[in-house]
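A.B. asks: Okay, here's the structure, questions in a sec.
Only the coordinates and a few stated rules stand behind these numbers; no lab work does. Computed from a predicted model, the values in this text were never measured in an experiment. No Cβ is skipped: glycine too gets one built from the backbone with ideal geometry, and neighbour counts run over all protein chains shown.
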């Protein structure tokens, strides 16, 4: 759905799924779905390991974009990716030029949505994830 939401705005020239924890089953699944839909739409897409250090992640984004300046869509998988992506987009004056979507909510994400930097955030309703199974048990 994240890829479809971006494609509803415009078809990117190149997209990345910025993963902060390679091998994490849930994050890998998010990337896989995004990459499949983008690929089916004819958009070159790849997974970018940004790690969990926000300062290093900004530098990884800078390096990637220097090598791939046609990249105009980023999917991050939670605040560990969103925060450095938002910082990078602001620093490089790419807000509005690069589509950004993410998962999960925090203050930075909500502000980025309000400021027009981030297009959307998919929220997984953590309260319901933990609460409802306990009720059902």
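A.B. asks: Mind checking the angle between helix 54-67 and the chain's longest principal axis? C-alpha axes, 0 to 90 degrees, to the nearest 10.
C.D. replies: So the inclination is approximately 40 degrees.
A.B. asks: Follow-up question, since we're still on this one. Evaluate the Kirkwood expression for the hydrodynamic radius of region 41-94, namely the inverse of the mean inverse distance over all pairs of different C-alpha atoms, and round to one decimal in Å.
C.D. replies: Working: mean 1/r = 0.0869 Å⁻¹.
Averaging 1/r across every pair of different Cα atoms and inverting gives 11.5 Å.
A.B. asks: Could you grab the Rg to Rh ratio for region 66-131? Cα atoms only, Kirkwood for Rh. Walk me through the intermediate numbers first.
C.D. replies: Working: Rg = 12.6 Å, Rh = 12.2 Å.
Checking Rg against Rh, the ratio lands at 1.03.
A.B. asks: Roughly what angle does helix 25-40 make with the longest principal axis of the chain, taking Cα atoms, 0 to 90 degrees, to the nearest 10?
C.D. replies: The two axes meet at around 50 degrees.
A.B. asks: Related question: Kindly provide the pair-distance distribution of region 2-136 built from C-alpha pairs, with 10 Å bins from 0 and whole-percent values in order of increasing distance.
C.D. replies: Computed distribution, short to long bins: 13, 45, 33, 7, 2, 0.
A.B. asks: I've got another one for you. Obtain the nm distance between the two label points defined at residue 5 and residue 91 by a simple spin-label model: each point lies 7 Å from its Cα along the Cα-to-C-beta direction.
C.D. replies: A separation of 2.5 nm, rounded to one decimal place.
A.B. asks: Report the label-to-label distance for residue 68 and residue 136 in nanometres (one decimal), using points 7 Å from each Cα along the Cα→Cβ vector.
C.D. replies: So the label points at residue 68 and residue 136 sit 3.7 nm apart.
A.B. asks: Next question, about the same structure. Using only Cα atoms, tell me the angle between helix 126-136 and the longest principal axis of the chain; keep it within 0 to 90° and round to the nearest 10.
C.D. replies: That works out to roughly 20 degrees.
A.B. asks: Need one word for region 1-72: rounded, prolate or oblate. Basis is the Cα gyration tensor (sqrt eigenvalues a ≥ b ≥ c); a/c below 1.5 gives rounded, then a/b vs b/c decides.
C.D. replies: On the way: a/c = 2.31, a/b = 1.24, b/c = 1.86.
It comes out oblate by the Cα gyration axes.
A.B. asks: Arrange the peptides 21-30, 75-84 so that the one whose residues have, on average, the most other Cβ atoms within 10 Å appears first. Could the numbers behind the result be given before it?
C.D. replies: Numbers: 21-30: 14.0, 75-84: 25.5.
So the peptides 21-30, 75-84, ranked by packing, come out 75-84, 21-30.
A.B. asks: Relative contact order for the chain: what is it in percent, counting Cα pairs under 8 Å that are at least 6 residues apart?
C.D. replies: Numbers: 206 pairs, mean separation 32.0, N = 137.
Relative contact order here is 23 percent.
A.B. asks: For the pair residue 55 and residue 110, how long in nm is the line joining their label points, each one 7 Å along Cα→Cβ?
C.D. replies: The modelled label-to-label distance comes out at 2.9 nm.
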